[in-house]
There are 2 protein chains.
Amino acid sequence: MRPGVRAWPGTRPATPTLVRMASIGEMGEDALIAAFVPRLPVSDAEVLGPGDDAAVLAIDGDLVVSSDVLIQDRHFRLDWSSPEDVGWRAAMQNLADIDAMGAVPTALQVTLAAPPTLDADWVLRFADGLREACEPHGVGVVGGDLSGAREIAISVTVLGETHGTQPITRADALPGQVVAVSGPLGAAAAGYVQLTEGRRIDEESIGLFLRPRPRIGAGLEAALHGATALMDISDGLVRDAGRIARASEVGIALRSDDVPVHEGARFAAIELLVDPRPWALTGGEDHHMLAVFPREAAVPAGWTVVGETTDAFSGVRVDGETPVDHGWDHFGG
Amino acid sequence: MRPGVRAWPGTRPATPTLVRMASIGEMGEDALIAAFVPRLPVSDAEVLGPGDDAAVLAIDGDLVVSSDVLIQDRHFRLDWSSPEDVGWRAAMQNLADIDAMGAVPTALQVTLAAPPTLDADWVLRFADGLREACEPHGVGVVGGDLSGAREIAISVTVLGETHGTQPITRADALPGQVVAVSGPLGAAAAGYVQLTEGRRIDEESIGLFLRPRPRIGAGLEAALHGATALMDISDGLVRDAGRIARASEVGIALRSDDVPVHEGARFAAIELLVDPRPWALTGGEDHHMLAVFPREAAVPAGWTVVGETTDAFSGVRVDGETPVDHGWDHFGG
């Protein structure tokens, strides 16, 4: 078992049940909610949980809020991801967005729209994935909404609060500072390529594509070490560094040899006869943190320096070259 | 012009443009966001708005949070509702959920998933509808997410805060108290029936179906008058009264003759040769408030007493009879 993930004995059968579950349409909204809500994690900040017009939370400090949407066949595939994986991903990428402000996540709101023919079991196991991702962090699901739809559409809003630090944006990096990442990159891209090509070379990177595992708390750590700009890497190091460069009006010079590449991704790349560095530079969804620190000595242990900021140019250069954009458009076909 | 709704001169052409707009797929995510965000309302509580990993809000008191999802062809029809109508409804039903706690709404998070072929103009006019509903209340859209999808799926999370009162739930009504509603009911149902039957008898009720106009602040007013239970009527008076009855473990006796029926709904009913009272009793989506007050003298001016709580039975009775459930299941075909 990986660190930070608890077992939940008794909430699921050890082997897949052979009894056909009802669909959510057959089960009906009230029965589904009655089965769904008890499987959700409870927030440490919860004053009033699901079941009324709204939930109530006790918040100290400033409130930090972010949302992400996950659409079937665009953000996940039912033949690749288990329902727990989808719940985990929906939660974790949102927790990372709060960590990426140097803040602490406290609660999620989750809306789920799904075809009436979907197995109710899928929805309940989706709740289990939310819980597995959230509960170690004291984060709860405090409310949401369920609806019918033609395809599965999940929307998560995450709430967090600052803990004695100012929120760290993307906009306050200065020239001559140090750019660092909080973990090895490229695992999610390596996992995606393996699944796409029907090869299972490295199970860890496949697992990290299906369930990203950024170290939640790395962003707060960066804030406490004086980071001037901070975000999580969701669309790839180069593209996301470009966002900090643009918001802070600095140039960012990255050194590709210094970018830490996930070990399993390296291994998969050898078997696939490809260079793993593009996965680490442009593959997204690892959700590790990208931060700018005022000087090298401020970089926390366990982070890797991958470049620096400059006023000599704008945008991002990799090894002195302007990279071709490997952007991902969310409306693309 | 209705009270509480401002005009927004200059934000839209007075006549529909004949130039074909780009689709959102052609326009691309970055350009769409750049056009979308400036049309959104700004929250009075905003510390940091859209564009970073998360938004930041200053919150006093307890945080109150709720979410609703709207799916194309289930919650709205593109041939009935303008994009502004959909934005208005998405915002307003959420504002009502915060008012229904006796709290004050401050900000929305909005996620929108839509087919790449959708006109970008639709998305921008959707933002206008959000703004028209929110801005009079100082409520802003502080963040969200956009994605491709097969059908339009909107998810709104609304944040609010308590203003010196405790949140009012559904659970604290006692027997022998007074049940009241904050406005006339049945307009949305009358509008729906007219659109379904292709008759336009009363434009006001059609308009109220497309753009519900509860008086935001009625819930806080109820809280300040000592309401013991409070919710907004979204699924019909009888069904929603049943929710208070169940949560508070009381019976609720409603008198159908006392339920205020919207004037336009009455007029439409005459033309359609039907009784309008079922619309007022079981039609949802008017979003007026349903509250229980400790005694008749506590009911604020402008509210209408429609019954009382009792320990003589459980559930809801209308004129002494147990009503047939006219429930609405959100996973229904």
*Just need a number here: residues in segment B:26-58 that are more than 22 Å from A:H163 (Cα to Cα), modelled with pLDDT under 90 and open to solvent by 60 Å² or more (accessible area, probe 1.4 Å).*
1
*Any residue in segment B:192-201 that is assigned to a loop (DSSP other than H, G, I, E, B), in the same structural domain as B:E271 (by TED's automatic domain parsing), surrounded by 19 or more Cβ atoms within 10 Å (Cβ to Cβ) and of a type outside the set (A, V, I, L, M, F, W, C)?*
no
*Inspect segment A:111-130 for any residue being among the β-branched types (V, I, T), buried (at least 24 other Cβ atoms within 10 Å of the Cβ), more than 7 Å from chain B (Cβ to nearest Cβ) and within 19 Å of A:S66 (Cα to Cα) and give the result as yes or no.*
no
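Restricting the search to segment A:35-78, which residues are within 20 Å of A:I152 (Cα to Cα) and not in a strand (DSSP E or B)? Outline the logic, then answer.
So the first thing to find is which residues in segment A:35-78 are within 20 Å of A:I152 (Cα to Cα), and the list is A:35-37, A:39-40, A:67-78.
Once the filter is applied, which keeps residues that are within 20 Å of A:I152 (Cα to Cα) and not in a strand (DSSP E or B), segment A:35-78 yields A:A35, A:F36, A:V37, A:R39, A:L40, A:D73, A:R74, A:H75, A:R77, A:L78.
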*Cβ-Cβ below 9 Å, separation at least six or inter-chain, first residue in segment A:59-71 and more than 7 Å from chain B (Cβ to nearest Cβ), second outside any strand (DSSP E or B) and among the basic types (K, R): which pairs?*
A:L70/A:R89
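Please work out if B:P214 is buried (at least 21 other Cβ atoms within 10 Å of the Cβ) and not hydrophobic (A, V, I, L, M, F, W, C). Write out each step before concluding.
On the way: buried (at least 21 other Cβ atoms within 10 Å of the Cβ): yes; not hydrophobic (A, V, I, L, M, F, W, C): yes.
It is true that B:P214 is buried (at least 21 other Cβ atoms within 10 Å of the Cβ) and not hydrophobic (A, V, I, L, M, F, W, C).
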*How many residues are out of contact with any Lys or Arg (no Cβ under 8 Å at 6 or more places or on another chain), of a type in the set (S, T, Y) and surrounded by fewer than 24 Cβ atoms within 10 Å (Cβ to Cβ) if we restrict to segment A:135-163?*
1
*asked:* Between a residue in segment A:123-140 that is at positive phi and not assigned by TED's automatic domain parsing to the domain that holds A:F76 and any residue that is surrounded by 24 or more Cβ atoms within 10 Å (Cβ to Cβ) and modelled with pLDDT of 95 or more, which pairs come within a Cβ distance under 8 Å, given they are 6 or more apart or on different chains?
replied: none
*Quickly run through segment A:286-303 and pick out the residues that are surrounded by fewer than 16 Cβ atoms within 10 Å (Cβ to Cβ), in contact (Cβ under 8 Å) with a residue 60 or more places away in the chain and not in a loop (DSSP other than H, G, I, E, B).*
A:E296
*asked:* Can you report the number of residues in segment B:225-248 which are within 14 Å of chain A (Cβ to nearest Cβ) and more than 21 Å from B:V324 (Cβ to Cβ)?
replied: 8
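If the requirement is being facing chain B (nearest Cβ under 9 Å), under 17 Å from the mean Cα position of the chain (by Cα) and in contact (Cβ under 8 Å) with a residue 60 or more places away in the chain, which of these qualifies: A:D85, A:D99? Spell out the reasoning first.
On the way: A:D85 fails: facing chain B (nearest Cβ under 9 Å).
Checking each option against the conditions leaves just A:D99.
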*Out of all the residues in segment B:235-243, is one or more of a type outside the set (V, I, T), open to solvent by 50 Å² or more (accessible area, probe 1.4 Å) and not in a helix (DSSP H, G or I)?*
no
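The values are calculated or read from the model by the stated rules, or taken from the named source; none is laboratory data. Bear in mind that the values here come from a model prediction, so they are computed numbers and not experimental data. Cβ coordinates were reconstructed from backbone atoms using ideal geometry, including for glycine residues, and neighbour counts include every protein chain displayed. Ligands, DNA and RNA are stripped out before the accessible areas are found, and what is left, the full protein with its side chains, is counted by its heavy atoms. Shrake-Rupley method; radii C 1.70, N 1.55, O 1.52, S 1.80 Å.
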